[in-house]
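K.L.:
Dropping the structure in here first, questions after.
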Amino acid sequence: MNADFQNLTPFSYAVIGDPISHSLSPHIHKSFAKQFEMDLDYRAIQVAPEKLDEFFEVFIQEGGKGCNVTLPLKEKVFEKISRVTDQARIAGAANTVTVIADELSADNTDGVGLMRDLERQFEMDWRQMRILILGAGGAARGILYPLLQKSPKAVILINRSMERAKHVQQAFASYGSIEVQPANYVFQQPVDLIIHATSAAARGESADCDTLFNSAQSAIRSTTRAYDLMYQLHDDTHFCKWAKANHIKHSVDGLGMLVEQAAESFTLWHGQRPEVNTVLENLRKNHT
């Protein structure tokens, strides 16, 4: 057994990322398990990208059954697993891994989680909507397919790297039209929804986010709504603070998406769908 992971024995479920100490996933999944009187062993495990192969080897050896995947591993995990669902294949990223007959299977529940939370938070007339997505990484890829399936009026992607943005545009071309623009783009038409999907804020690189935010200012009108895939329990995220400062009346962080995508993973692993509203309310009120 690799020394980096010898403290993991034995375990069944986990969330992996780098860093990982902030993750709410253990609390969420254990809260789900209580609804069904299940005794669930679910841990947060820090895994550096270069240690993924070693982790998965131990994961299978020690009876691991499933794990969630967070930044910065979603695309790297997808690349390493040959057995993937359509959701993961289309996204090019994975956030859920299941062990089936000692083989790894990759899935992506982020898109479903986002759509369920968006429809709970806002009234969505999808076909009339212009949607702006900030960022072109694994988080953006995870949500694009279900958004395109709703046939919105427009989906616009802006990113600091135009090369990466164009790569995403090409990857999703068969599912719908995506307009890509540079980080300094000035919008001539407003949008109805801005989704923040960069990983820079999670790394504490708010200045990099601000480049995209400044461009998004020209896309705001009085009815524009804002959704951050990131979340903070007891304060607004950097993006939500920006949204309020720019007079966006309705801004929401991604805690609801986190709980919803976790519910999808839980259902996949255990065959039972948990109730999410109580878990979400308790996180906001009681978790520190």
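K.L.:
Taking residue 51 as the residue in question, decide whether it is of a type in the set (Lys, Arg) and over 28 Å from residue 193 (Cβ atoms).
P.N.:
Yes, satisfied.
K.L.:
Same structure again: Please go through region 8-30 and pick out each residue that is at pLDDT 95 or above and open to solvent by 30 Å² or more (accessible area, probe 1.4 Å).
P.N.:
Selection gives 27, 30.
K.L.:
Where in region 74-129 are there helices (runs of 4 or more DSSP H), lying wholly inside it, with at least 2 residues that are open to solvent by less than 80 Å² (accessible area, probe 1.4 Å), aliphatic (A, V, I, L, M) and under 22 Å from residue 49 (Cα atoms)?
P.N.:
86-91
K.L.:
What pairs come out if I take residues in region 202-216 that are under 26 Å from residue 17 (Cα atoms) and at pLDDT 60 or above and pair them with residues that are open to solvent by 60 Å² or more (accessible area, probe 1.4 Å) and assigned to a helix (DSSP H, G or I) whose C-beta lies under 7 Å away, six or more apart or interchain?
P.N.:
Here the result reads 209/238, each pair linking region 202-216 to a residue that is open to solvent by 60 Å² or more (accessible area, probe 1.4 Å) and assigned to a helix (DSSP H, G or I).
K.L.:
Could you say whether any residue in region 65-72 is among the small types (Gly, Ala, Ser) and assigned to a strand (DSSP E or B)?
P.N.:
Yes, the conditions are met somewhere in region 65-72.
K.L.:
Quick check on this structure: which one of 34, 30, 51 is free of Cβ contacts under 8 Å to residues at least 24 places away in the same chain, in contact with a Phe, Trp or Tyr (Cβ under 9 Å, 6 or more places away or on another chain) and not in a strand (DSSP E or B)?
P.N.:
Exactly one residue qualifies, and that residue is 30.
K.L.:
Follow-up. Do we have any residue at all in region 257-274 that's of a type in the set (Gly, Ala, Ser), in contact (Cβ under 8 Å) with a residue 40 or more places away in the chain, in contact with a helix residue (DSSP H, G or I) (Cβ under 8 Å, 6 or more places away or on another chain) and assigned to a loop (DSSP other than H, G, I, E, B)?
P.N.:
Checked against the condition, which is being of a type in the set (Gly, Ala, Ser), in contact (Cβ under 8 Å) with a residue 40 or more places away in the chain, in contact with a helix residue (DSSP H, G or I) (Cβ under 8 Å, 6 or more places away or on another chain) and assigned to a loop (DSSP other than H, G, I, E, B), region 257-274 yields no hits at all.
K.L.:
Which of the numbered conditions does residue 166 fail, given that it passes all the others? Conditions: (1) open to solvent by 50 Å² or more (accessible area, probe 1.4 Å); (2) assigned to a loop (DSSP other than H, G, I, E, B).
P.N.:
(2)
K.L.:
Quick check: anything in region 175-192 open to solvent by 10 Å² or more (accessible area, probe 1.4 Å), out of contact with any Cys (no Cβ under 8 Å at 6 or more places or on another chain), acidic (Asp, Glu) and touching a residue at least 40 places away in the same chain (Cβ under 8 Å)?
P.N.:
Yes, because at least one residue in region 175-192 is open to solvent by 10 Å² or more (accessible area, probe 1.4 Å), out of contact with any Cys (no Cβ under 8 Å at 6 or more places or on another chain), acidic (Asp, Glu) and touching a residue at least 40 places away in the same chain (Cβ under 8 Å).
K.L.:
Still on this structure, I have one more. Inside region 224-241, can you point out the residues that are hydrophobic (A, V, I, L, M, F, W, C), in contact (Cβ under 8 Å) with a residue 24 or more places away in the chain and open to solvent by less than 30 Å² (accessible area, probe 1.4 Å)?
P.N.:
Result: 226, 229, 239.
K.L.:
Go through (1) part of a loop (DSSP other than H, G, I, E, B); (2) modelled with pLDDT under 95; (3) not β-branched (Val, Ile, Thr) and name the single condition residue 189 misses.
P.N.:
(2)
K.L.:
Across region 130-163, what is the total count of residues that are assigned to a loop (DSSP other than H, G, I, E, B), touching a Lys or Arg at 6+ places or on another chain (Cβ under 7 Å) and either open to solvent by 90 Å² or more (accessible area, probe 1.4 Å) or farther than 20 Å from residue 257 by Cβ (or both)?
P.N.:
The number of residues fulfilling the criteria is 2.
The values are calculated or read from the model by the stated rules, or taken from the named source; none is laboratory data. Owing to the predicted nature of the structure, the values given are computational and were not obtained by experimental measurement. Every residue, glycine as well, gets a Cβ built from its backbone with ideal geometry; the counts of neighbours run over all protein chains shown. With ligands, DNA and RNA removed, areas are computed over all heavy atoms of the protein, side chains included. Shrake-Rupley method; radii C 1.70, N 1.55, O 1.52, S 1.80 Å.
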